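All remarks here apply to the structure that follows.
The values are calculated or read from the model by the stated rules, or taken from the named source; none is laboratory data. Remember, it's a predicted structure, so these values are computed and weren't measured experimentally. Methodologically, a virtual Cβ is constructed for each residue, glycine included, from the backbone with ideal geometry; neighbour enumeration extends over all protein chains shown.
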Amino acid sequence: MRAWSREQQTRVPHTKGLRIRAILMEASSRELVGFVAKAVILSFSFFCISCSDQFASVETKDIDANLAELLNVTLNQARSSPGSAAIRGQLAMTYDVNGFPDAALITYRQAEELDPGTFTWPYFQAMLLAKRNEPENAIVAMDRAISLDPKYVPAWLLKGTWFIDLGQFDDAKIAYEEAARLGAGSPAIAGSARILLLEERPAEAAKLLEP
């Protein structure tokens, strides 16, 4: 009897059990909704932080006062016209020429996103990436620039140089040949001769360089 009584005490009648399960499911649903709501709010908060911090800035405390003023003025102009690629690009160039390559690269990319049809922004990115010893990324950026102005000779010459740095001589030859076709003259010839020397073909290089 004692065992039966214990079983009776611990067993939930069927109808009562259904009500309890319903209550538990409702509670679980409320917890799930609350969790999802918190996740959405948190994600939105991160999104807002990302959006509010879209302008690259640099520390100006320890630099020349005139330069600091120039940087702050240019940054404020960009903030006042967030949709202007020209002003964003001007900010990037200001960072670039004054020795802030990281901020410049970020800002050039933003200018390109605002105006993907302008040659200048990917071209300057390519130059900065090359200075950072990232020839592969420099070539990718330069290809975007060339797609906008395929007749710009210096772009092909630079691609040739960067392909040489990567040891991709066949690609370098193509770049120099295109530069020569566009009228590059002696710089394209010198680049092609350099490839021949690297391939240990000095006689052919000398012949190419003959006046």
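Looking across G89, G117, G83, G99, one residue alone is small (G, A, S) and out of contact with any helix residue (DSSP H, G or I) (no Cβ under 9 Å at 6 or more places or on another chain). It is G99. Is it the case that some residue within the stretch 160-168 is exposed (fewer than 12 other Cβ atoms within 10 Å of the Cβ), within 27 Å of the chain's Cα centre (by Cα) and modelled with pLDDT of 95 or more? Checked the stretch 160-168: at least one residue is exposed (fewer than 12 other Cβ atoms within 10 Å of the Cβ), within 27 Å of the chain's Cα centre (by Cα) and modelled with pLDDT of 95 or more.
Looking at A206, A190, A179, just one residue is on the phi < 0 side of the Ramachandran plot, modelled with pLDDT of 95 or more and either in contact with a Leu (Cβ under 6 Å, 6 or more places away or on another chain) or crowded, with 21+ Cβ neighbours inside 10 Å (or both), and that residue is A179. Only one of the numbered conditions (1) modelled with pLDDT of 95 or more; (2) surrounded by 12 or more Cβ atoms within 10 Å (Cβ to Cβ); (3) more than 22 Å from the chain's Cα centre (by Cα) is not met by S80, and that is (2).
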